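Scroll down for the structure; my scribbles are underneath it.
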Amino acid sequence: MSNIFHAYKDKVGDILSKMAANGDIPQGLDMSRVTVEPPKDATHGDMATNAAMVLSKAAGKNPRQLGEALAGKLKELPEIREVTVAGPGFVNFRLADAEWASTLRTILSDGIYYGDSKMGKREKVVIEYVSANPTGPMHAGHVRGAVIGDTLANLLKKAGYDVTKEYYFNDAGNQIDVLTQTAYLRYREALGEDIGAIPEGLYPGEYMKDVAQAMVARDGKQWLGVAETAWAPAMRDFAVEYIMGMIRDDLDLIGIHHDVFSNERVMIEDGTLEKSFKTLHDKGLIYQGTLPPPKGKEMEGWEPVELTLFRSSNFGDSSDRPLKKRDGSWAYIMPDIAYHYNKLQRGFKWMINVLGKDHQGYEEKIRPAVAALAEGAKDIRLNVVYCGMVKLFKNGEPVKLSKRSGNIITLRELVEEVGAGSVRFFMMTRTPDSELDFDFTKVVEQSKDNPVFYVQYAHARCASVLRNAKEMFPDADLSPAALGKANLARISSADELQLVRFMAGWPRAVEAAAEAHEPHRVAFYLHDLASEFHGFWNKGRDDGTLRFLHENDRELSMARLALVSAVKTVIASGLAVMGVPPVEEMHG
């Protein structure tokens, strides 16, 4: 088992079961709260279990007394070299060095799949992210949500979930009307008409000229001089399809590929919207009524208007919500309700949406409808991850706006300037809900203050050591499989063992990040691992005995190359979750 903490939790469980069989503690105790994890203070040991604390009451024993009994049994295991009982009953223990050698072999054997978990038990989860409406190219604000969503999806896959990556966009409503009008204006311009300045309210970006030129290439002058009822649907559909193609191409630049694309118009045309409304109606949750004026706002001349309301307050909402506007058209929330109804119909019990912080409160609006539509179904979950804004800088100065996109810096411009891997990594260097300052200069800066460089440099250093080893020992097999057979008992210094201990925590870090829906933890873990490795590297520069390669001690060299190969593997495993290719060499 790659997760050494799970392995020792099982060992603790086996000991407790034997204690129960011997009558030392009662049979049938609830073990679900028993944990084995690193102690808060690393000086206390490699691992700690709370078993005595959480079982003492049911076992009818003093926690300290139960802890001492458990410690006595743990001391009998050859894999454990030291056990102590701390405070009221925490049991701390240190592993024998041979156990850390076993961890190294596991890493080398598992390769990039080290850290894979079965925690998710193949539960289906759909993650909706990016979901930019097709009104223009991807920009920096979209990129952050895209990277966070994609990394979270990769993380959940690694943790054992059956993940579907989904993109949902609104292709009906006012934004699309504006797109259609802009496209037609640019279409006329492409055919030689002087249209003057783009009117206020339309999309001014140069990219709309490309849409128009493509429309002319396909249809020529077909839509000149005809009624709007004729050109508008054609112009709308073409512009939406063209821009979605742009968006797919942009996402491909940073390695993001969705499994499913869903859109509002299909939800309307295939009847999903009507079906979801009818489902709520048939449950007796739709009625005609009025709402009180918004709290905290003085509205002069406000009069109650009868609306079509959903009894969302039955499901924890602060008030009922209108599903239709005064004119009888659908309220803005209804297509989103229909979309989540569609997810339920496809068998998803767990739904995650990654949205900008400007959508704060979305979860509270949609959750009651999901609960109502799924009434009777168990374990339905809806989670929303909110992403903070991205502010762009160069040398500390705000970046000027882009002419091509009208008023934004595009994803393509970001990637062309600093590279896809750097964009993806840097977007993960803060918690999702915090604002992120993206400085083009700092992202490519070769210094320890740049987390992208710092982690990649650690991987490149590992690769460099392995290349140098091949020159020193040209006949040596330096494959992970071969290095796993080295005499790993030679890995014995405190610094070496600390590196192994840290890598032993990668599977646990994967599960914890997945459980908390916090993919940024992967970037943080990699930075800390890189710090451990760089620290050991620097000590080797001052103390020759700590260097990785010793021409006169091949056995020690092979053992330390196993350590280096393991570090390289774990970094690559973490970068794979982040969708960032590892670097073999650093170029200035």
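The values are calculated or read from the model by the stated rules, or taken from the named source; none is laboratory data. Just so you know, these numbers come straight off a predicted model, no measurement behind them. Cβ atoms come from the backbone with ideal geometry, glycine included; neighbour counts cover every protein chain shown.
Some notes on this structure:
- Hits in segment 120-141 (condition: among the polar types (S, T, N, Q) and either more than 24 Å from M235 (Cβ to Cβ) or within 18 Å of the chain's Cα centre (by Cα) (or both)): S131
- Annotation: of all residues in segment 68-101 being touching a strand residue (DSSP E or B) at 6+ places or on another chain (Cβ under 6 Å) and more than 20 Å from A42 (Cβ to Cβ), the one that is surrounded by the most Cβ atoms within 10 Å (Cβ to Cβ) is L70.
- Residues that are of a type in the set (D, E, K, R) and modelled with pLDDT under 95 number at least 1 in the following helices (runs of 4 or more DSSP H) confined to segment 340-447: 362-373, 411-418, 440-443.
- Each residue in segment 118-147 was checked for being in contact with a helix residue (DSSP H, G or I) (Cβ under 7 Å, 6 or more places away or on another chain) and part of a loop (DSSP other than H, G, I, E, B), and 11 of them qualify.
- Residue match in segment 173-180 (condition: surrounded by fewer than 18 Cβ atoms within 10 Å (Cβ to Cβ) and either more than 28 Å from A146 (Cα to Cα) or β-branched (V, I, T) (or both)): yes
- The set of residues in segment 194-204 that are exposed (fewer than 12 other Cβ atoms within 10 Å of the Cβ) and at negative phi comprises D194, A197, P199, E200.
- Candidate set: segment 468-480, residues that are among the charged types (D, E, K, R) and part of a helix (DSSP H, G or I); chosen: the one farthest from R521 (Cα to Cα): E471
- Qualifying residue in segment 449-467 (condition: part of a helix (DSSP H, G or I), crowded, with 19+ Cβ neighbours inside 10 Å, modelled with pLDDT under 95 and out of contact with any helix residue (DSSP H, G or I) (no Cβ under 8 Å at 6 or more places or on another chain)): no
- Among (1) without any contact (Cβ under 8 Å) to a residue 40 or more places away in the chain; (2) closer than 20 Å to A98 by Cβ; (3) among the hydrophobic types (A, V, I, L, M, F, W, C) - the single one L77 does not satisfy: (1)
- Restricting Y184, Y207 to those that are surrounded by fewer than 24 Cβ atoms within 10 Å (Cβ to Cβ) and touching a Pro at 6+ places or on another chain (Cβ under 7 Å) reduces the list to Y207.
- In segment 535-574, the residue that is farthest from A523 (Cα to Cα) out of those that are touching a residue at least 24 places away in the same chain (Cβ under 8 Å) and among the acidic types (D, E) is E551.
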